[in-house]
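Take a look at the structure set out below.
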Amino acid sequence: MPEAPTVLRWETLTKSAFDRLDRGRCVVLVTCSPLEVHGPHLPLGADALEGDGLAERMLRSLPERHRGRTFLRLPFVYAATDVVPQPGSLFFRPSTTLAFLEDLGASLAAQGFRDVLVSNFHGGPRHFVALEQACHRVSRRRRIRMASVFSMVLRRFARKDGETLEGLLGSIPGLRVGDLAGDTHGGLLETSQLLALCGGWVDPVYKELPRSTVESWMAETRSGGVEMPKGRLSALLSVLRTQRAGVRYFLDRSYSGAPAGASAEIGEQILDRLGAFAAQEVAQLLDGALSPLDCHSPLWRLRFLSLNPWMIRLTDRLLGFRNPIG
């Protein structure tokens with residue numbers, strides 16, 4: 001794996017160094033992920049560290065034609081929503097995330113920057129759709145390319161002819177595909193990446209944590225209720241019931257997956273493969289072959305449900321969710 005191109009940290013630049021930049025050739029990088037509880041074993045900045053890690057591995061895999069660009073990294077932003085509702089997590093409204101990134105994009109565009117990549121490793125739908133909305137608005141209004149790398153990855157996974165997560169990662173030595181089921185938060189995938197990125201910040205207790213998922217918890221507590229007859233309405237009610245169970249699960253527990261199976265070696269492979277996967281999408285964007293207005297996850301079409309304040313309140317009520325840390 002080649003070394004990553006040179007990345008300059010925005011906060012370290014002097015005025016003279018900044019003025020020497022060819023801003024039209026720069027690519028600005030910023031990670032927007034929460035400070036959030038990830039089990040008893042991972043640092044609260046797990047998603048931000050993984051977002052930075054994804055961006056760094058993506059840069060390593062960029063084709064040669066883009067490696068000579070100047071990459072300029074901003075400090076990470078932790079304004080995020082849909083966090084695990086336990087002390088230690090910091091909660092923000094989707095509108096806050098949206099407003100911050102819109103202002104950031106507008107400021108960068110006004111200074112002559114043309115390419116902005118927002119990284120993230122937080123799977124909360126209202127969070128990453130807020131990132132998409134901000135990038136979409138800035139790209140359309142300011143005529144620049146601003147896109148969410150995480151959403152571009154989700155977009156590619158969703159294509160009918162696209163790769164699956166199991167297909168991409170299933171051949172990693174030491175990783176059992178069965179452990180990926182329900183591995184959504186602080187499990188094998190995230191613990192492995194954090195071991196690779198900053199192993200000294202991971203509590204060794206991860207080796208003793210049992211596999212736990214929303215589905216297994218529902219079975220244990222019989223939260224799923226009786227099986228319902230088939231049909232569209234029953235399918236919708238089943239999804240709602242599962243989502244309500246997920247809310248209760250994360251009030252009770254702080255990780256979902258099998259962290260005990262994690263290793264730094266697996267983490268290196270995950271980062272390299274996801275980074276190369278993302279680099280293919282980013283290269284198309286920088287080539288102009290992919291419009292920033294098309295860099296959306298499958299949930300983009302449901303953005304009204306994710307971002308409208310009234311719909312957020314309604315959804316929270318239906319799910320029985322009241323954020324105790326917000």
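The values are calculated or read from the model by the stated rules, or taken from the named source; none is laboratory data. Please read all numbers here as calculations on a predicted model, not as lab measurements. So basically every Cβ, Gly included, is an ideal-geometry build from the backbone, and we count neighbours across all protein chains shown. Side chains are part of the model used for accessible areas, which takes the heavy atoms of the whole protein and leaves out ligands, DNA and RNA. Shrake-Rupley method; radii C 1.70, N 1.55, O 1.52, S 1.80 Å.
What the table shows:
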item: Distance in nm between pseudo-label sites at ARG317 and ALA276 (7 Å out along the Cβ direction from Cα); result: 5.0 nm
item: Of the trypsin sites (Lys or Arg not before Pro) in region 88-166, those whose Cβ has at most 12 other Cβ within 10 Å and which sit in DSSP loop; result: ARG143, ARG159, LYS160
item: GLU3-LYS207 FRET efficiency (beta carbon distance; Förster radius 45 Å; 0.05 resolution); result: 0.90
item: Whole-Å distance, taken between Cα centres, linking region 134-178 and region 1-73; result: 17 Å
item: Gyration tensor (alpha-carbon) shape descriptor, the chain, a/c threshold 1.5; result: prolate
item: Net charge dipole size for region 11-144 [Lys, Arg +1 and Asp, Glu -1 on Cβ; Debye, nearest 20]; result: 720 debye
item: Stretch gain in nm, segment ARG156-TRP310, where the contour uses 0.36 nm per residue and the Cα spacing is subtracted; result: 52.4 nm
item: Shape of region 9-64, Cα gyration tensor, a/c cut at 1.5; result: oblate
item: Most fluctuating residue given options THR81, THR96, THR14, as computed from a GNM of the chain linking Cα atoms under 10 Å; result: THR14
item: Three-way shape call for region 57-211 based on the alpha-carbon gyration tensor, with the a/c threshold at 1.5; result: prolate
item: Sites LEU13 and ARG93, calculated FRET efficiency, Cβ-Cβ separation with R0 45 Å, nearest 0.05; result: 0.90
item: Local electrostatic count at LEU285 - Lys and Arg +1, Asp and Glu -1, tallied over other residues with Cβ under 14 Å; result: +1
item: Segments 52-60, 207-215 sorted - mean Cβ within 10 Å per residue, highest first; result: 52-60, 207-215
item: Accessible surface, 1.4 Å probe, highest first, among residues GLU166, GLU132; result: GLU166, GLU132
item: Environment charge at ARG25 (Cβ cut-off 11 Å; Lys +1, Arg +1, Asp -1, Glu -1); result: +1
item: Proximal charge balance of ARG313 [Cβ under 14 Å; K/R count +1, D/E count -1]; result: +3
item: Estimated FRET transfer efficiency (GLU265, LEU21; beta-carbon r; R0 30 Å; 0.05); result: 0.20
item: Gain upon complete extension [THR164, LEU293; 0.36 nm per residue less C-alpha separation]; result: 44.1 nm
item: Residue with peak Gaussian network fluctuation, the chain [Cα springs, cutoff 10 Å], from PRO75, PRO94, PRO292; result: PRO75
item: Per-residue [θ]222 nm for the chain (sum of -39500 (n - 2.57) over DSSP H runs n ≥ 4, rounded to 500); result: -14500 deg cm²/dmol
item: Highest-MSF residue in the chain out of SER151, SER291, SER61 [GNM, Cα springs under 10 Å]; result: SER291
item: Kyte-Doolittle mean at least 0.5, axial Cα span of 20 Å or more - DSSP H helices of the chain; result: 94-110
